[in-house]
Amino acid sequence: MLQSHEFGEKIFAPLLTEDDAFNSQPGLGNIAYRLPSLHNLLSVPDDFIIKYSTLTFWVTVLPNMDHGTEELVCSNTNNCKIVYQRDYTPRVHYISPPTLYYESWTQLWFDPKWTYYLI
């Protein structure tokens with residue numbers, strides 16, 4: 001689950017994939033988890049998200065247990081904090097060719113005003 005700072009509500013995130021589970025190390029306290037794009041996560045159009053320069057979320061985990069589900073939270077909330085910052089996210093407008101093959105040449109067209117460092 002993701003607790004949104006801006007919207008003040010909890011959002012159900014997609015379940016862990018097999019790749020996420022394989023890359024996780026729960027014995028060491030690390031869970032690998034890849035989030036979808038913001039407009040897919042929030043089920044809103046891109047125009048809605050563009051209004052925000054940052055979006056902050058806190059992650060909690062809902063594991064399936066024998067006695068039901070129990071929400072697990074971080075002892076230090078900053079360890080589970082996710083901040084999306086538009087200032088550091090270049091917006092890709094076009095990928096050419098649209099189908100990519102191994103060792104093929106690819107062109108990315110993006111808006112460079114959000115790119116502060118060499119990619």
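The values are calculated or read from the model by the stated rules, or taken from the named source; none is laboratory data. None of these values were measured; they are calculated from a predicted model. No Cβ is skipped: glycine too gets one built from the backbone with ideal geometry, and neighbour counts run over all protein chains shown.
Of the residues in region 1-23, how many are assigned to a loop (DSSP other than H, G, I, E, B), aliphatic (A, V, I, L, M) and surrounded by fewer than 14 Cβ atoms within 10 Å (Cβ to Cβ)?
1
Would you mind telling me which numbered condition in (1) among the basic types (Lys, Arg); (2) over 22 Å from Thr77 (Cα atoms); (3) touching a strand residue (DSSP E or B) at 6+ places or on another chain (Cβ under 6 Å) Lys51 fails?
Unmet for Lys51, out of (1) among the basic types (Lys, Arg); (2) over 22 Å from Thr77 (Cα atoms); (3) touching a strand residue (DSSP E or B) at 6+ places or on another chain (Cβ under 6 Å): (3).
Taking only pairs six or more apart or across chains, which ones have beta-carbon atoms under 6 Å, a first residue in region 83-106 that is farther than 20 Å from Phe48 by Cβ, and a second residue that is assigned to a strand (DSSP E or B) and of a type outside the set (Asp, Glu)?
Tyr94/Trp109; Ile95/Leu108; Ser96/Gln107
Kindly evaluate Ser43 against the criterion of being under 30 Å from Pro112 (Cβ atoms), surrounded by fewer than 10 Cβ atoms within 10 Å (Cβ to Cβ), in contact with a Lys or Arg (Cβ under 6 Å, 6 or more places away or on another chain) and small (Gly, Ala, Ser).
Considered against the rule, which asks whether it is under 30 Å from Pro112 (Cβ atoms), surrounded by fewer than 10 Cβ atoms within 10 Å (Cβ to Cβ), in contact with a Lys or Arg (Cβ under 6 Å, 6 or more places away or on another chain) and small (Gly, Ala, Ser), Ser43 comes out as no.
Spot the failing condition for Asn78; the list is (1) closer than 17 Å to Glu6 by Cα; (2) surrounded by 10 or more Cβ atoms within 10 Å (Cβ to Cβ); (3) polar (S, T, N, Q), and only one is missed.
Failing condition for Asn78: (2).
Would you check if Ser37 is among the polar types (S, T, N, Q) and surrounded by 12 or more Cβ atoms within 10 Å (Cβ to Cβ)? First the steps, then the outcome.
Working: among the polar types (S, T, N, Q): yes; surrounded by 12 or more Cβ atoms within 10 Å (Cβ to Cβ): no.
No.
Restricting to region 28-79, what's the tally of residues that are free of Cβ contacts under 8 Å to residues at least 60 places away in the same chain and assigned to a loop (DSSP other than H, G, I, E, B)?
Of the residues in that region, 24 qualify.
Of all residues being in a loop (DSSP other than H, G, I, E, B) and in contact with a Pro (Cβ under 8 Å, 6 or more places away or on another chain) in region 100-113, which is nearest to Lys10 (Cα to Cα)? Just the residue, please.
Kept after step one, since they are in a loop (DSSP other than H, G, I, E, B), are these residues of region 100-113: 100-106, 111.
Subsequent filtering for residues that are in contact with a Pro (Cβ under 8 Å, 6 or more places away or on another chain) retains 104, 106, 111.
Details: Ser104: 42, Thr106: 39, Asp111: 32 Å.
Among those that are in a loop (DSSP other than H, G, I, E, B) and in contact with a Pro (Cβ under 8 Å, 6 or more places away or on another chain), it is Asp111.
Every residue in region 89-99 that is part of a loop (DSSP other than H, G, I, E, B), surrounded by 10 or more Cβ atoms within 10 Å (Cβ to Cβ) and modelled with pLDDT of 80 or more, please.
Within region 89-99, the subset part of a loop (DSSP other than H, G, I, E, B) is 89-91, 97-99.
Among the residues that remain, those that are also surrounded by 10 or more Cβ atoms within 10 Å (Cβ to Cβ) are: 89-91, 97.
Answer for region 89-99, where residues must be part of a loop (DSSP other than H, G, I, E, B), surrounded by 10 or more Cβ atoms within 10 Å (Cβ to Cβ) and modelled with pLDDT of 80 or more: just Pro97.
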